[in-house]
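Step one of this worksheet: look at the structure below.
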Ligand code: 5AD
Ligand code: SF4
């Protein structure tokens, strides 16, 4: 990568970046870091050491914003001590709060929304040279036609740099930006703008570039990834078409995609997954709630029965597919009875895992304007804990079914436990990776296996992890039976 570095740039810049939120944000940060590295910036993990400090932010829940405002508050004195430092707030909170960020943290130099990230390197240079603050954000959804607002949100997808990825073998590829569903609790349609698919030729070009760079696993990203639609050369491309095309790219071993919207889980997509051996047997399809009245207040656009019908089609087409969900507890007007319906849905669907969130009212949303946040915090907390206990019990029971069986794992590297223990301990190291059904597997092995596919026989489980040991492809038992290799 050093060949690509702009030799005229200042080579001693130290960049600290903190990223919160979803995979979209992780990808955005990766691309911003890549652009800055090209200009000679070096990454540092020590904020005090940095002369450029960036926060890539999330607005989905209030708590995430509080954390960023506190971190900015702590930097006030650091900025006074070294006024040449540039401090920037990027992403969803930048688009949502705009000028308010300068008011609450006057030492911030840049506020750059999700649709303007390509401007970051230039704006940092300007902030450094003329000490002017800059605000680069897209249009508010009410401030223009759909087209003009959409044009103000640019998808930031420069050519990829292998050295900038968290893992050389795995990469996110954005296939769309924005969201038009307007669920009443959610700020994303405002912070990420109108739904816009990227052209299939750009997406597939990126997949080929990544495969040439050694990537084996591609995860397509979109807020409602299965709603993807794009007209190219007189035909409509859907997610199923992208999966078929990416499946042909030499070097790619696994294809995943997140996050799905229940009503757009079409049969052609399920058939594509069934027919494509490299497509992960894993679907993240957030239900959000198990009670019709709550779903209606959330404006999710489906009933619990319609979710069940979708789930049954997934089970029918893909019996071995793991499904995970998101749930919100304590949404406006959620009765005890309604909460029980969410628990019932978890019992019925037996999700691989569920991400559970306490409702957090977000300015700019319909729920914030029209519905009272009437569930006390302690009730939200209790419902959250009940749901987590139930989901963990189900995850542990279903994981236990893997004991004695082998799963194919894409090795991602050292496990968190091994990293904590240190990497220079003698003997084999604990590694981790994921199965085709997105379960986390921990096992001992040589770190050189990172980036390869290995088979691991499972002998123990927790609610979140399968623990096992590496086996050769066909596992011989005394009886001569072959252990089935599960996805
Ligand atoms: N409060 C709590 N959870 C929320 N989510 C989105 N908006 C809110 C909110 N205002 C959750 C949804 C979504 C996930 C990414 O975050 O469950 O699927
Ligand atoms: Fe938010 Fe709903 Fe869009 Fe998901 S589908 S990003 S929850 S508005």
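So, in segment 212-239, how many residues would count as being over 20 Å from the mean Cα position of the chain (by Cα) and either away from ligand 2 (no atom under 16 Å from the Cβ) or assigned by TED's automatic domain parsing to the domain that holds residue 22 (or both)?
We begin by selecting, within segment 212-239, every residue over 20 Å from the mean Cα position of the chain (by Cα); these are 212-214, 229-238.
This time we only want the ones that are either away from ligand 2 (no atom under 16 Å from the Cβ) or assigned by TED's automatic domain parsing to the domain that holds residue 22 (or both), so: 212-214, 230-238.
Total satisfying the criteria: 12.
Among the residues of segment 253-268, how many are away from ligand 1 (no atom under 15 Å from the Cβ) and assigned to a helix (DSSP H, G or I)?
Qualifying residue count for the region: 2.
Need at least 3 residues that are touching a residue at least 24 places away in the same chain (Cβ under 8 Å), within 24 Å of the chain's Cα centre (by Cα) and closer than 30 Å to residue 169 by Cβ per element, so show me which helices (runs of 4 or more DSSP H) inside segment 338-442 make the cut, counting only ones lying wholly within it.
Working: elements: 366-370, 377-400, 416-421.
Per the criteria, 377-400.
Where the second residue is within 16 Å of ligand 1 (Cβ to nearest atom) and the first is more than 18 Å from residue 322 (Cα to Cα) and lies in segment 235-261, which pairs have Cβ atoms under 6 Å and are six or more apart or on separate chains?
If the second residue must be within 16 Å of ligand 1 (Cβ to nearest atom), the pairs left are 239/226.
Does at least one position in segment 124-136 carry a residue that is within 16 Å of ligand 1 (Cβ to nearest atom), buried (at least 22 other Cβ atoms within 10 Å of the Cβ) and at pLDDT 95 or above? Don't jump to the end; show me each part of the working.
Keep residues of segment 124-136 that are within 16 Å of ligand 1 (Cβ to nearest atom), which gives none.
Within segment 124-136, none of the residues are within 16 Å of ligand 1 (Cβ to nearest atom), buried (at least 22 other Cβ atoms within 10 Å of the Cβ) and at pLDDT 95 or above.
Just the residues that are part of a helix (DSSP H, G or I) and modelled with pLDDT under 90, please, taken from segment 77-95. Break it down stepwise before answering.
Step one: of segment 77-95, the residues part of a helix (DSSP H, G or I) are 77-81, 92-95.
Once the filter is applied, which keeps residues that are part of a helix (DSSP H, G or I) and modelled with pLDDT under 90, segment 77-95 yields 77, 78, 79, 80, 81.
Just the residues that are more than 22 Å from residue 283 (Cα to Cα), surrounded by fewer than 16 Cβ atoms within 10 Å (Cβ to Cβ) and either within 23 Å of the chain's Cα centre (by Cα) or at pLDDT 95 or above (or both), please, taken from segment 453-472.
If the condition is that a residue be more than 22 Å from residue 283 (Cα to Cα), surrounded by fewer than 16 Cβ atoms within 10 Å (Cβ to Cβ) and either within 23 Å of the chain's Cα centre (by Cα) or at pLDDT 95 or above (or both), then 459, 460, 469 are the ones that fit.
So which residues in segment 340-358 are within 15 Å of ligand 1 (Cβ to nearest atom) and either in contact with a strand residue (DSSP E or B) (Cβ under 6 Å, 6 or more places away or on another chain) or under 26 Å from residue 369 (Cβ atoms) (or both)? So that I can check it myself, show each step before the final result.
Residues of segment 340-358 that are within 15 Å of ligand 1 (Cβ to nearest atom), as a first pass: 342, 345-346, 351, 353-358.
342, 351, 353, 354, 355, 356, 357, 358 - these are the residues of segment 340-358 that are within 15 Å of ligand 1 (Cβ to nearest atom) and either in contact with a strand residue (DSSP E or B) (Cβ under 6 Å, 6 or more places away or on another chain) or under 26 Å from residue 369 (Cβ atoms) (or both).
Let's see how each residue does on (1) closer than 27 Å to residue 252 by Cα; (2) at pLDDT 95 or above; (3) buried (at least 17 other Cβ atoms within 10 Å of the Cβ):
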residue: 391; (1), (2), (3): no, yes, yes
residue: 394; (1), (2), (3): no, yes, yes
residue: 403; (1), (2), (3): no, yes, no
residue: 407; (1), (2), (3): yes, yes, yes
residue: 410; (1), (2), (3): yes, yes, yes
residue: 417; (1), (2), (3): no, no, no
residue: 437; (1), (2), (3): yes, yes, yes
residue: 441; (1), (2), (3): yes, yes, yes
residue: 447; (1), (2), (3): yes, no, no
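Taking the condition over 26 Å from residue 248 (Cβ atoms) and more than 15 Å from ligand 1 (Cβ to nearest atom), does residue 180 pass?
Numbers: over 26 Å from residue 248 (Cβ atoms): yes; more than 15 Å from ligand 1 (Cβ to nearest atom): yes.
Spelling it out, residue 180 is indeed over 26 Å from residue 248 (Cβ atoms) and more than 15 Å from ligand 1 (Cβ to nearest atom).
Determine whether residue 203 is buried (at least 20 other Cβ atoms within 10 Å of the Cβ), within 16 Å of ligand 1 (Cβ to nearest atom) and closer than 19 Å to residue 118 by Cα. Please lay out each step first, then the result.
Working: buried (at least 20 other Cβ atoms within 10 Å of the Cβ): yes; within 16 Å of ligand 1 (Cβ to nearest atom): no; closer than 19 Å to residue 118 by Cα: yes.
In short, no.
Whether any residue in segment 99-115 is in contact with a strand residue (DSSP E or B) (Cβ under 6 Å, 6 or more places away or on another chain), at pLDDT 95 or above, within 16 Å of ligand 1 (Cβ to nearest atom) and part of a helix (DSSP H, G or I) is what I want to check.
Looking for residues that are in contact with a strand residue (DSSP E or B) (Cβ under 6 Å, 6 or more places away or on another chain), at pLDDT 95 or above, within 16 Å of ligand 1 (Cβ to nearest atom) and part of a helix (DSSP H, G or I), one finds at least one in segment 99-115, hence yes.
Collect the residues in segment 271-281 that are buried (at least 20 other Cβ atoms within 10 Å of the Cβ) and either in a helix (DSSP H, G or I) or within 16 Å of ligand 1 (Cβ to nearest atom) (or both), keeping them in residue-number order.
272, 273
How many of the residues making up segment 286-301 are under 25 Å from the mean Cα position of the chain (by Cα), more than 11 Å from ligand 2 (Cβ to nearest atom) and part of a loop (DSSP other than H, G, I, E, B)? Break it down into steps so the answer makes sense when it comes.
So the first thing to find is which residues in segment 286-301 are under 25 Å from the mean Cα position of the chain (by Cα), and the list is 286-290, 295, 298-301.
Still in the list and also more than 11 Å from ligand 2 (Cβ to nearest atom): 287, 289-290, 295.
Those still in the list that are part of a loop (DSSP other than H, G, I, E, B) too: 287, 289-290.
Adding up the residues that qualify gives 3.
Is it the case that some residue within segment 230-250 is under 23 Å from residue 22 (Cβ atoms) and assigned to a loop (DSSP other than H, G, I, E, B)?
No, segment 230-250 contains no residue that is under 23 Å from residue 22 (Cβ atoms) and assigned to a loop (DSSP other than H, G, I, E, B).
The values are calculated or read from the model by the stated rules, or taken from the named source; none is laboratory data. Keep in mind that this is a model prediction, so the values were computed, not measured. Cβ: placed from backbone, ideal geometry, glycine included. Neighbour counts: every protein chain shown.
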